[in-house]
Each structure stands twice: as structure tokens, then as C-alpha cells.
1. Report, in whole Å, the centroid distance computed from the Cα atoms of region 98-151 and region 18-36.
2. Hey, what number do you get for the chain at 222 nm if only DSSP H runs of n ≥ 4 count, each worth -39500 (n - 2.57), divided across all residues, to the nearest 500?
3. Whole number in Å², please: accessible area per residue of the chain, 1.4 Å probe, ligands, DNA and RNA not counted.
4. By its C-alpha gyration tensor, with a ≥ b ≥ c as the square roots of the eigenvalues, how is region 68-140 shaped: rounded for a/c under 1.5, else prolate for a/b larger than b/c, else oblate?
5. Percent antiparallel among DSSP beta bridges with both residues in the chain, to the nearest 5?
6. What is the set of long-range amide H partners of Gly19 at a cut-off below 5 Å, with H atoms built 1.01 Å from backbone N?
7. How would you classify region 27-69 from its alpha-carbon gyration tensor, with a ≥ b ≥ c the square roots of the eigenvalues: rounded for a/c under 1.5, else prolate if a/b is greater than b/c, otherwise oblate?
8. For Met135, Met1, give the ranking by accessible area with the largest first, probe 1.4 Å.
Amino acid sequence: MWLREVTESDAAPLHAIYGDPAATQHMPFPPRTVGQVAEVVREAVAAAAEKPRRLYALAVLDAHDRSVIGVARLHVDAERPHCAEIGLGLRPDHWGRGMGTDLVRLLLTFGFKQLGLHRIWGARAPANLPAQLAMLTAGMVEEGRLRHHVAAPDGWRDSVIHAAIEDEWRGR
């Protein structure tokens with residue numbers, strides 16, 4: 001698995017994630033159209049040029065053929081620049097291979113070592129047990145539940161928060 005900056009040519013392959021009902025079942029939005037994904041990609045490309053940079057949107061590439069199989073995001077909090085939120089998505093045909101855990105580890109390493117962050121957190125749907133396993137295995141701690149945190153397509157949804165703190169993470 002490889003990571004690189006998202007480019008505008010990634011809209012179609014990322015639609016295989018953001019447009020897939022299975023891949024978006026735990027996301028706070030319904031499957032998106034190709035046009036909607038293209039807009040998300042344009043926003044990510046524009047965010048990469050901002051100073052200071054707050055959003056890192058990275059394409060996840062298959063190790064063998066370098067095709068886009070996912071997306072990994074790290075968003076630095078503007079009001080708390082020592083903190084960032086992570087998120088990720090993979091094509092369903094790549095689930096169950098430990099890639100989610102590897103992606104969380106890569107995002108934590110990038111955030112702590114390259115960006116000098118102190119706290120990195122992620123939120124998951126309570127029913128998203130693979131995300132729970134990936135975050136816990138990668139060294140994040142489950143901190144709690146935010147009730148009715150996300151307006152999802154089928155109503156309000158809770159979020160379970162996981163976080164890693166830099167000094168604890170380095171001590172692992």
C-alpha cells in the first residue's frame with residue numbers, strides 16, 4: 001500500500017468508495033455522485049495549497065498495480081493546531097486485509113512525526129466494528145460516545161471517539 005496526494009484525476013476511482021452503498025454505510029452521507037466526488041477532490045487539491053495547511057487528503061494506492069483503492073484524511077483543527085481528526089475509506093473489495101489498521105498507523109506516524117501534533121482522534125459509527133478494531137490495534141484509545149453527533153441519511157447517529165496522544169503513542 002502506498003499513499004500520495006489526491007489529484008483531480010482521482011475523482012472516478014474515489015467514486016468507487018464514496019459512491020458505493022456498502023462503503024458509505026457508516027459515513028454521515030449517502031452515496032455520492034461522480035460530480036459530488038469530483039467537487040470533494042477539487043476542494044482537497046485546493047486545501048493542499050493553503051498556508052497553513054489544514055487538510056491532507058491522500059490517495060491510497062494498491063501496492064501491486066498502484067491503482068487507487070482508498071482515501072486517507074488528516075484534518076488539523078484550526079482553533080487547536082496541535083490536534084487533528086483522521087478518517088479513511090477503502091473499496092469494499094480490499095476490506096478484511098488489515099489495511100485499515102495500516103492506514104491508521106500511517107496517519108498517526110505522519111501526524112506525530114512529520115506534523116508535530118500532540119493529539120490525533122477519529123470518530124466512528126457505533127456499528128462500525130472494523131473501524132473500532134483498526135483504531136484500537138493501531139494504538140488509539142476509545143474515549144467515549146457522543147450522542148446524536150452526526151446527522152446521517154437515516155437520522156441522528158452517535159459517534160464513538162478514539163484518540164492517540166503523542167507521548168503515549170511514542171511509548172508503545
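1. So the separation of the two Cα centres works out to 20 Å.
2. Working: 5 runs with 48 residues, N = 172.
Helices in the chain give a 222 nm mean residue ellipticity of -8000 deg cm²/dmol.
3. Working: 9100 Å² over 172 residues.
Ligands and nucleic acids excluded, the figure is 53 Å² per residue.
4. Details: a/c = 1.93, a/b = 1.72, b/c = 1.13.
Judged from the Cα gyration tensor, region 68-140 comes out prolate (a/c at least 1.5, a/b above b/c).
5. Details: 32 of 35 bridges.
Restricted to the chain, the bridges split so that about 90 percent are antiparallel.
6. Answer set, sorted by chain and number: Arg32.
7. Numbers: a/c = 2.10, a/b = 1.12, b/c = 1.87.
Oblate, because a/c is 1.5 or more while a/b does not exceed b/c.
8. On the way: Met135 15, Met1 60 Å².
My answer, sorted largest first, is Met1, Met135.
The values are calculated or read from the model by the stated rules, or taken from the named source; none is laboratory data. Everything numeric here is computed off the predicted structure, so don't read it as measured data. Quick reminder, even Gly has a Cβ in these numbers, built from the backbone with ideal geometry, and neighbours come from all protein chains shown. The protein model used for the area step is the full one, side chains on, heavy atoms only, and it has no ligands, DNA or RNA in it. Shrake-Rupley method; radii C 1.70, N 1.55, O 1.52, S 1.80 Å.
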